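The values are calculated or read from the model by the stated rules, or taken from the named source; none is laboratory data. Only a predicted model underlies this, so the values are computations on that prediction, with no experimental measurement involved. FYI the Cβ positions are ideal-geometry reconstructions off the backbone, even for glycines, and counts take in every protein chain you see. Protein only, heavy atoms only, side chains kept; ligands, DNA and RNA dropped before computing areas. Shrake-Rupley method; radii C 1.70, N 1.55, O 1.52, S 1.80 Å.
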Amino acid sequence: MPRSEPIKAVRGVRDILPGELPLWRAAEQAASAVARRFGYEEIVTPILEHAELIERAGEDTDAFAKELYRFEDRSGRALALRPEATAGVVRAYFERGLNQGPQPTRLFLTGPMFRYDRPQKGRYRQFYQLDVEAIGSAAAALDAEVIELARDWLREVGLGDLRLELNSIGDSKCKPAYLERLQDYYRPLKAKLSPDSQQRLERNPLRLLDSKSEQDAPFKSSAPKITDHLCDECATHWALVRRLLDTAEIEYVLNPYLVRGLDYYTRTVFEFYPSGAAGQQDALGGGGRYDGLAEAEGWPPTAAVGFASGLDRVTELIAASGVDVIARPTADVLVVPDGDLAVEAAEVARICRAVRSTAVDYESKSLTAKMRAANKLGAKWVVLLTLDAASRRSAQLRDMTSGEQEELAWVELPTRLA
Ligand code: HAM
């Protein structure tokens, strides 16, 4: 590549521009407010983790391994950019002693995640999640609590029109026997299955159920359903989760094919979709119980439940729905020096900033061009600074809505603008 060729962003990775950010911040603030309302505290965990931590959490998940940003650092350690937050939050919970206090520990986090996915709309290689985890309790009420929190947040950002899909995939007691049943059902059909499903049949048979291939579709409806084969404890838990959701008047659709992409789940799993959409690609969020993850990471067995939601998809949907979550942001005041008055303009801006957000147009454009820019930026006031007025430490204050203009001493500006 010739040296002069401009270098663009990495594929699947994007900038979030000033015009988009207010929507993101509004969505994040709503997330933090709702999470705190439910008693969840914020945690920040590193983006870098030992690759092994992530790999233990998704051992059998072939897609997960393929999507992992994994590399060796300069000392040859195998590191990974986190593809999701749960594995790291669980690590921090034990490593930093959050397991010592009263349980469960309720945590939330927002931040970037990385997956070497095929980029498309709503699917990026660096994307952002709101992640919520309740660690240290097996209570079914927590499954319902996490779902209610997710629903409340999506509602608060104007995405109340949702479809919640729900399933239970059993635990280490009943899942193995069910998987055998599933294999017994699919083995005679093997030759008719898609190549992906043929591979999954022996390695990860549960994933046969969420195959998107047309070739596999005809065999699904007669496949044994895990909810018919739960052990007593899982069946009781499953019934209680549904009763709690019914009491909270949270609507859901039972989807016996919902198994989720990550291997650590036990019992309850769920996903949120914008109503009308189908397919994993459009999920606004998802989660479930993961009672086996702590042990897989080498810690004592510990029950937990959580969910994560993609902020990229949520903000895209808010923008598309035209819901006016926030007003367009700009500086309230624009200081416009007419001529070589940078020092004076900076001083006036400093004075105005005591009461209003203020920007300065330092460009050497004509006054007309500067006023046009001020209009475009949506400034509420323009402080026009001429050489003559500046020498008297005064300026013209123009109200951009009414068009009225008056001369004021600089010191009077804060009172007038407040
Ligand atoms: P997940 O289903 O892999 O779950 O991701 C959760 C959400 O993150 C998805 O529903 C989607 O909105 C968003 N998302 C995933 N991949 C991308 C992508 N490439 N681009 C944009 N958005 C994406 C988890 O990550 C689990 N850790 C959730 C969880 C927490 N389970 C228990 N606790």
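Elements of the type strands (runs of 3 or more DSSP E) sitting completely within segment 21-122 and holding at least 1 residues that are within 15 Å of the chain's Cα centre (by Cα): these cover 105-114. Quick one: is Leu258 in contact with a Phe, Trp or Tyr (Cβ under 8 Å, 6 or more places away or on another chain) and either surrounded by 13 or more Cβ atoms within 10 Å (Cβ to Cβ) or closer than 20 Å to Ala134 by Cα (or both)? Yes; evaluated as a whole, the condition is true for this residue. Condition test on Gly136, is it crowded, with 17+ Cβ neighbours inside 10 Å and within 16 Å of the ligand (Cβ to nearest atom)? Judged against the criteria, Gly136 is a match.
Restricting segment 146-170 to residues that are part of a loop (DSSP other than H, G, I, E, B) and open to solvent by 30 Å² or more (accessible area, probe 1.4 Å), the residue that is farthest from Thr105 (Cα to Cα) is Asp161.
Leu201 passes every criterion in (1) within 30 Å of Arg11 (Cα to Cα); (2) out of contact with any Pro (no Cβ under 6 Å at 6 or more places or on another chain); (3) surrounded by fewer than 21 Cβ atoms within 10 Å (Cβ to Cβ) apart from (1).
Of all residues in segment 350-385, those satisfying the criterion of being out of contact with any helix residue (DSSP H, G or I) (no Cβ under 7 Å at 6 or more places or on another chain), open to solvent by less than 90 Å² (accessible area, probe 1.4 Å) and either modelled with pLDDT of 95 or more or within 11 Å of Leu417 (Cα to Cα) (or both) are Ser357, Leu384.
Out of Gln126, Gln100, one residue alone is polar (S, T, N, Q), within 10 Å of the ligand (Cβ to nearest atom), more than 14 Å from Thr45 (Cα to Cα) and at pLDDT 95 or above. It is Gln126. Taken over segment 171-198, the criterion of being assigned to a loop (DSSP other than H, G, I, E, B), polar (S, T, N, Q) and open to solvent by less than 60 Å² (accessible area, probe 1.4 Å) is satisfied by Ser194 alone.
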